[in-house]
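Asker: A single structure is presented below for examination.
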Amino acid sequence: MRWPLIRNMPHHFSFDFVKLAPFAAVLSVVLIIASGVSLGVKGLNFGTDFKGGTKIDIVMTRNVPQIDLQRDLARMGAHDPHVQGFKDPHAAQIRFQPVAGADAIAAADAIKAQLAAKYPDMQIGNPDVVGAKVSGELFTKGMLALAAAVGLMLLYIWFRFQLQFGFGAVIAIFHDVILTLGVLSFMRIEFSLVSIPALLTVIGYSMNEKVITFDRLRENLRKYKKTPLRDVINLSENERLSRTLITGTTALLALAGMLFLGGPALFPMILTMVMGIIFGTYSSIYVALPVILLWGVRRNDEEAVPLKPMTPRPGL
């Protein structure tokens, strides 16, 4: 028995996706410009992993308001202190920046000693100090990982389909990543080391959508060699629309629980993935395919051959 909403979903659609492509292009350009302005003016809200600093995990036996704890840290000499709560109301993480010219390790030990004196019932973990050089190397390697992922996917699409398919996919992926980073910048969501695998997941999901889109388009191009390309694109997208809606909705429902119930520690990573799924689904239709429509495709491939039914073996 199928879920009622899936059972009642129509199996055939007739949307004119190509007709809306110019309006979608304007929307994408506006969003990219807005993301670029936000990234240029506000920048990313880098966490300790990327800008350096000290992290100390604490467990409190009584409720201490975060704002009071931040004020105490500032009085103790912590520069730009922040207190991040977790799902456990008694657990938290303290973050602060080193003072210029000071020994970061010695300063962290001094803050820990003052905390122990101020809150004798507090369990204080060992300080985790990340230097500016290490944080810079982490950021550089993270960006190189993203660039390598995009480059390898371009080669994969090129060899599996055609070059214009690869460029369409890469342009769409850059579109998804820029918009996702723009949302993180505008909302001042912390960008930390866990954001890199979240972005890689976004790239992987987006590329999977492109491969499915291109595969259906290629199949229909072999079937309808004389049909205008825009009509083949509309046909292909209408044929896979129900699958796209079910897959995207299922992924968003799975992430929604972690987004609202996972606590502050998981929120930046899950929000990045949610934005990536939304942008990735949109760009598959209104970024990757318009590139192919403008560029054109070769249509001299072999005709599609239907699969022959398997002959059952004797005795089976």
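Derivation of every value follows stated rules applied to the coordinates shown; laboratory data play no part. In this text the structure is predicted, and so the values were computed from the model without any measurement. With ideal geometry, Cβ positions are generated from the backbone for all residues, glycine too; neighbour counts draw on all protein chains shown.
Asker: R0 = 30 Å: FRET efficiency of residue 91 with residue 253, Cβ-based, nearest 0.05?
Answerer: It comes to 0.60.
Asker: On to the next question. Can you give me the distance in nm between label points at residue 34 and residue 212, each placed 7 Å from the Cα along the Cα-to-Cβ direction?
Answerer: 2.7 nm
Asker: How long is the gain from residue 106 to residue 295 if the chain were fully straight, where each residue apart is worth 0.36 nm and the alpha carbon distance is subtracted?
Answerer: 62.0 nm
Asker: With a point put 7 Å past each Cα toward its Cβ, work out how far residue 71 is from residue 225 in nm, to one decimal.
Answerer: For the pair residue 71/residue 225, the computed spacing is 8.0 nm.
Asker: Also, I was wondering about something else. Along the Cα→Cβ direction, 7 angstrom out, place labels at residue 159 and residue 80. What is the inter-label distance in nm?
Answerer: Going from the residue 159 label point to the residue 80 one covers 4.4 nm.
Asker: Taking R0 as 35 Å, what's the FRET efficiency between residue 113 and residue 260 from their Cβ-Cβ distance, rounded to 0.05?
Answerer: The calculated FRET efficiency here is 0.35.
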